[in-house]
Amino acid sequence: MFKVRSDEPQYAKLWDTETKDTNRYGLNIETTPEGSDLRDKSLNINNDDGIGDNPNRYKQHGFFFNADNCIACHACEAACSEKNDVPSHISFRSVGFVEGGSYPAYQRMNISMACNHCDDPVCLKGCPTRAYTKFAEYGAVLQDPDICFGCGYCTWVCPYNAPQLDPVQGEVSKCNMCVDRLEVGLKPACVASCLGNALDFGVIENTPEGRTQTKVDIPGFPRTDITHPNIRFQQTRSMQREVTRTDSIPVKYHKNDEKEGRYLPVVDKKHGVKKHWNWGKIFHSHENAHVVFTLSAQAVMGVFLFFFISAFLASSPINAIANSNAYLPILCIIVGLIGYGLFKLNMHLGKPHRFYRGFNNLRHSPLSREIAGVSLFFGALAALTFFSFFSGSVINVIQFLLAFTAMIGLVLGSYYMYKLYRIPARPYWNHWQTGTTFYGTMLSLGGVLLGLLSLPFLSNTLALSKVLSAIVLAGLAIETIGLIAHRRYLTSGEGEAGAAHYEQTTTFGKVYLLRNILLGVNIVTAVTLFNIGIDGLYSSIFASLLVISTLTMAYLGRILFYVLVIPTTMPGAFFWKNKGFVEHARETGLADMPQMGVAYEHHHPFKVGELMQTIKENSLKDMVGHMKRILSGG
């Protein structure tokens with residue numbers, strides 16, 4: 001147990017006596033009923049099986065932040081980092097600020113924020129490895145880095161930037177509420193170290209001594225309806241009607257009198273209106289592995305879908321491919337293509353050798369379900385390809401079953417590939433246009449891929465080229481409808497959604513324009529090929545143009561999908577928690593200086609041989625034990 005000093009000051013001790021029964025959302029503050037099996041269990045802190053005697057051990061606790069008192073001394077950050085041995089480039093608690101006005105009426109408000117140990121923690125539901133647990137003790141949401149495989153999905157879904165993905169270690173960690181201190185009646189380290197008495201801690205909804213407010217929002221704090229965070233605020237000082245962030249995010253906050261004076265996010269056109277290319281940010285994006293995976297998976301799913309449907313049609317030009325010598329090579333190529341996409345995605349993980357843990361949270365995580373669906377599709381497709389080298393009545397039955405299995409995997413995998421991006425904390429993604437883009441790409445890229453692999457090997461290409469052109473055109477039309485609706489949604493909205501559109505038309509404005517031009521070119525080309533088919537030199541040139549243009553458009557659209565998203569995160573400072581400064585530090589070499597709080601990404605060191613050796617040495621026993629636990633229901 002945590003050792004309490006004999007001279008521990010009174011302000012470092014928990015103060016709660018009487019508590020309320022429910023919080024403002026109508027949820028019980030008591031985390032588990034009297035007599036529950038979850039009670040009277042040790043947290044096994046440092047392998048100590050003792051149980052704390054805190055009378056409020058089974059009540060939801062939370063932080064209280066007095067914005068009037070915070071002086072941005074960063075003592076809370078330092079105390080947290082020292083106690084938890086946090087490296088210099090990440091921080092469980094961080095201090096940012098918003099500012100407004102001008103001299104002599106300039107105002108600045110500091111905000112100290114860590115994990116809010118929410119009533120409905122989306123990090124817990126989203127994590128595919130089940131690295132998160134919400135404990136009955138204090139309502140703490142704790143995360144185990146030793147389970148995490150570094151996908152970073154929890155950092156996407158959290159509205160408050162609480163989970164921290166370490167770019168060096170390749171795993172996530174976060175605030176643990178200092179439960180070891182709570183067990184012995186002490187407040188968390190950050191609270192005990194606060195110089196201005198801005199931070200406090202206790203049972204949620206209890207008003208600390210000397211405070212008059214327990215509000216749920218202040219300027220710069222994201223919406224609370226996503227997770228019901230356990231943090232309360234006091235802010236008696238009035239701010240300017242409009243306050244800005246000092247980081248690179250083009251968002252500011254405007255006081256809305258119709259919404260009880262709340263400060264709502266609006267677009268801050270701080271970067272001007274000039275259009276740029278910014279190819280460097282595109283080609284060196286951290287999310288390029290996701291681009292490769294999603295595009296390859298959707299293209300292969302499209303090809304398989306065409307084969308599957310045509311098998312039930314009396315006559316279809318696509319059946320001619322299935323009955324030709326090109327069929328087996330096509331199957332081998334698409335299996336290799338999706339296999340490459342899966343490999344790129346796995347190597348994108350912080351801990352690639354823990355890949356098998358992605359199936360742990362099928363009950364809640366859309367990412368786990370996507371992994372399961374795509375893996376089922378890939379496995380069944382690979383098996384189908386293998387059995388296609390043989391013939392016979394029994395083989396035909398096996399092929400039939402494998403095809404249906406692959407189709408089930410396709411439906412599940414593609415649906416949850418879409419669902420995992422419907423994240424309220426990322427408004428740019430949280431629109432049905434994500435679905436039209438993904439399924440439109442499945443048709444357009446699938447049609448292009450099938451044509452590229454089959455048309456050179458067939459003698460009669462006219463009918464098939466018209467069918468494939470119609471499929472590509474349908475995919476492009478679906479994507480166009482979604483893009484138009486998405487643009488209306490972005491331009492009519494404010495906050496992070498509007499800010500993403502502002503970035504789309506400025507920071508990446510020329511790339512965005514090029515993608516739209518290519519979309520128009522592809523539609524015209526597909527219509528032309530649908531009318532004339534591919535039967536001669538000129539039509540073959542048109543087809544080649546469609547292939548190149550569609551692939552380019554798909555890549556540009558998909559990388560924009562990732563680089564444009566702006567999350568609902570807390571404001572940063574000039575240097576700390578500032579995406580723009582992080583990019584600058586890595587480009588200029590400032591990241592080599594640990595005091596900058598920035599690190600290069602070092603968690604992708606594996607080559608294939610090294611990866612296999614790591615699995616063999618470090619994870620084989622772990623994997624076997626993991627499978628035994630699953631089979632035994634543990």
- Item | Candidates LEU349, LEU367, LEU381 - the one that is more than 25 Å from the chain's Cα centre (by Cα), in contact (Cβ under 8 Å) with a residue 40 or more places away in the chain and either crowded, with 22+ Cβ neighbours inside 10 Å or under 22 Å from CYS127 (Cα atoms) (or both) | LEU381
- Item | Given (1) acidic (Asp, Glu); (2) farther than 23 Å from SER296 by Cβ; (3) modelled with pLDDT under 90, index of the condition GLU601 fails | (2)
- For region 95-111, what are the residues that are in a loop (DSSP other than H, G, I, E, B) and of a type outside the set (Ser, Thr, Tyr)? GLY101, PRO104, ALA105
- Of all residues in region 24-73, count the ones that are touching a Lys or Arg at 6+ places or on another chain (Cβ under 8 Å) and of a type in the set (Val, Ile, Thr). 4
- Task: Report yes if some residue within region 393-401 is touching a residue at least 60 places away in the same chain (Cβ under 8 Å) and among the hydrophobic types (A, V, I, L, M, F, W, C); otherwise report no.
- Result: no
- Message: Can you confirm whether ALA554 is crowded, with 16+ Cβ neighbours inside 10 Å and within 30 Å of LEU264 (Cα to Cα)?
- Response: no
- Message: Consider region 217-243. How many of its residues are more than 14 Å from ASN66 (Cβ to Cβ), in contact with a His (Cβ under 9 Å, 6 or more places away or on another chain) and aliphatic (A, V, I, L, M)?
- Response: 1
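Quick grid of which residues meet (1) among the acidic types (Asp, Glu); (2) modelled with pLDDT of 95 or more; (3) buried (at least 17 other Cβ atoms within 10 Å of the Cβ):
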| position | (1), (2), (3) |
| --- | --- |
| GLY261 | no, no, no |
| GLY272 | no, yes, no |
| ASN278 | no, yes, no |
| ALA297 | no, yes, yes |
| ASN323 | no, no, no |
- Might you let me know whether region 490-500 holds any residue that is surrounded by fewer than 16 Cβ atoms within 10 Å (Cβ to Cβ) and part of a helix (DSSP H, G or I)? yes
- Being over 21 Å from the mean Cα position of the chain (by Cα) and closer than 17 Å to GLN433 by Cβ is the filter here, so list the residues in region 490-507 that pass it. THR491, SER492, GLY493, THR505
- Message: For the condition of a type in the set (D, E, K, R), crowded, with 18+ Cβ neighbours inside 10 Å and modelled with pLDDT of 95 or more, what is the one hit in ARG487, ARG422, ARG426?
- Response: ARG426
- Message: Restricting to region 16-32, count the residues that are assigned to a loop (DSSP other than H, G, I, E, B) and in contact with a Phe, Trp or Tyr (Cβ under 9 Å, 6 or more places away or on another chain).
- Response: 2
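Report yes if some residue within region 294-304 is part of a strand (DSSP E or B), more than 23 Å from THR155 (Cα to Cα) and in contact (Cβ under 8 Å) with a residue 12 or more places away in the chain; otherwise report no.
no
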- Message: Considering only region 571-587, I want to know if a residue exists there that is among the β-branched types (Val, Ile, Thr) and touching a residue at least 24 places away in the same chain (Cβ under 8 Å).
- Response: no
- Exactly one condition in (1) more than 23 Å from TRP15 (Cβ to Cβ); (2) modelled with pLDDT under 95 is not met by PRO55; state its number. (1)
- Mind checking which residues of region 465-497 are more than 16 Å from ARG515 (Cα to Cα) and touching a Ser or Thr at 6+ places or on another chain (Cβ under 7 Å)? VAL472, GLU496
- Message: Tell me yes or no: at least one residue of region 269-289 is under 30 Å from ASP119 (Cβ atoms) and either in the same structural domain as LEU449 (by TED's automatic domain parsing) or without any contact (Cβ under 8 Å) to a residue 40 or more places away in the chain (or both).
- Response: no
- Within region 225-248, how many residues are crowded, with 22+ Cβ neighbours inside 10 Å, under 22 Å from the mean Cα position of the chain (by Cα) and more than 30 Å from GLN60 (Cα to Cα)? 1
- With a cut-off of at least 1 residues that are farther than 18 Å from THR227 by Cβ, name the helices (runs of 4 or more DSSP H) lying wholly within region 145-206. 179-182, 189-193
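Could you tell me whether HIS89 is within 15 Å of HIS74 (Cα to Cα), touching a residue at least 40 places away in the same chain (Cβ under 8 Å) and in a loop (DSSP other than H, G, I, E, B)?
yes
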- Item | So ILE395, is it crowded, with 17+ Cβ neighbours inside 10 Å and in a helix (DSSP H, G or I) | no
- Message: Condition first: within 17 Å of ASN161 (Cα to Cα) and buried (at least 22 other Cβ atoms within 10 Å of the Cβ). Can you find one or more residues in region 50-60 that meet it?
- Response: no
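The values are calculated or read from the model by the stated rules, or taken from the named source; none is laboratory data. This one's a predicted model, so the numbers in the text were calculated from it and none came from an experiment. Cβ: placed from backbone, ideal geometry, glycine included. Neighbour counts: every protein chain shown.
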